[in-house]
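**Q** Dropping the structure in here first, questions after.
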Ligand SMILES: CC(C)(COP(=O)(O)OP(=O)(O)OC[C@H]1O[C@@H](n2cnc3c(N)ncnc32)[C@H](O)[C@@H]1OP(=O)(O)O)[C@@H](O)C(=O)NCCC(=O)NCCS
């Protein structure tokens, strides 16, 4: 069983290497730097802080005053993929945001992957920026006890960058 550790800023240099390998065409480090260490962010590392095999963040937001969480980013080092690490991180994170009072978890990602956790296309809660055409199925949610009322997901500043919501 992979160890999942709540991390603070100490893992940032190692996370830089992990995200560079997992996302060779994207620079998520500026987002990570702003997220990690924020009091309302869940940041989980799989493995060890100096040599993480995987990492996930969850940010808390609101929809019409109701607490919601946004999953992302998520990365598993290529040499450790398909070993259950992504699943362990997502499940641990969902438990943590539930404990933090979120009523729904939202994600922008591959439905083929997130569908395995029960995520379904979300049409009532809209993301902060309009998504590119054809991305509707990538905007998904997992409702916990009950669904949130419709509305826009309000997020902390670090997610308020249109480039993070476009191709
Ligand atoms: C997507 C990612 C996080 C999955 O992590 P992981 O540790 O490999 O995932 P798990 O081992 O828990 O689950 C692997 C399963 O998911 C499947 N899977 C992985 N990526 C998938 C995808 N994009 N679409 C569909 N299935 C996918 C695998 O085929 C495997 O299936 P199996 O259990 O039937 O063999 C990891 O591959 C990754 O970091 N990829 C590059 C970065 C990325 O795309 N992150 C984005 C998430 S939006």
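**Q** Only one residue in 88, 92, 22, 83 is modelled with pLDDT of 95 or more and touching a helix residue (DSSP H, G or I) at 6+ places or on another chain (Cβ under 7 Å), so which one is that?
**A** The match here is 22.
**Q** Checking residue 23 against (1) more than 8 Å from the ligand (Cβ to nearest atom); (2) farther than 18 Å from residue 155 by Cβ; (3) in contact with a strand residue (DSSP E or B) (Cβ under 9 Å, 6 or more places away or on another chain), only one condition comes out false. Which one?
**A** (1)
**Q** Looking only at the range 74-96, count every residue that is under 11 Å from the mean Cα position of the chain (by Cα) and either surrounded by fewer than 19 Cβ atoms within 10 Å (Cβ to Cβ) or more than 7 Å from the ligand (Cβ to nearest atom) (or both) and tell me the total.
**A** So the answer is 4.
**Q** Quick check on this structure: which one of 54, 47 is within 13 Å of the ligand (Cβ to nearest atom), touching a helix residue (DSSP H, G or I) at 6+ places or on another chain (Cβ under 9 Å) and closer than 25 Å to residue 166 by Cα?
**A** 54 is the lone residue from the list that is within 13 Å of the ligand (Cβ to nearest atom), touching a helix residue (DSSP H, G or I) at 6+ places or on another chain (Cβ under 9 Å) and closer than 25 Å to residue 166 by Cα.
**Q** Consider the range 131-140. How many of its residues are more than 17 Å from residue 61 (Cβ to Cβ), in contact (Cβ under 8 Å) with a residue 12 or more places away in the chain and either out of contact with any strand residue (DSSP E or B) (no Cβ under 9 Å at 6 or more places or on another chain) or within 15 Å of the ligand (Cβ to nearest atom) (or both)?
**A** Result for the range 131-140: 4.
**Q** Name the single residue that is farthest from the ligand (Cβ to nearest atom) among those in the range 61-73 being in a strand (DSSP E or B) and free of Cβ contacts under 8 Å to residues at least 60 places away in the same chain.
**A** In this case the residue turns out to be 67.
**Q** Sticking with this one: Would a scan of the range 75-92 turn up a residue that is part of a strand (DSSP E or B) and touching a strand residue (DSSP E or B) at 6+ places or on another chain (Cβ under 9 Å)?
**A** Yes - at least one qualifying residue is present in the range 75-92.
The values are calculated or read from the model by the stated rules, or taken from the named source; none is laboratory data. Everything numeric here is computed off the predicted structure, so don't read it as measured data. In this analysis, Cβ positions are derived from the backbone assuming ideal geometry, glycine residues included, and neighbour counts consider all displayed protein chains.
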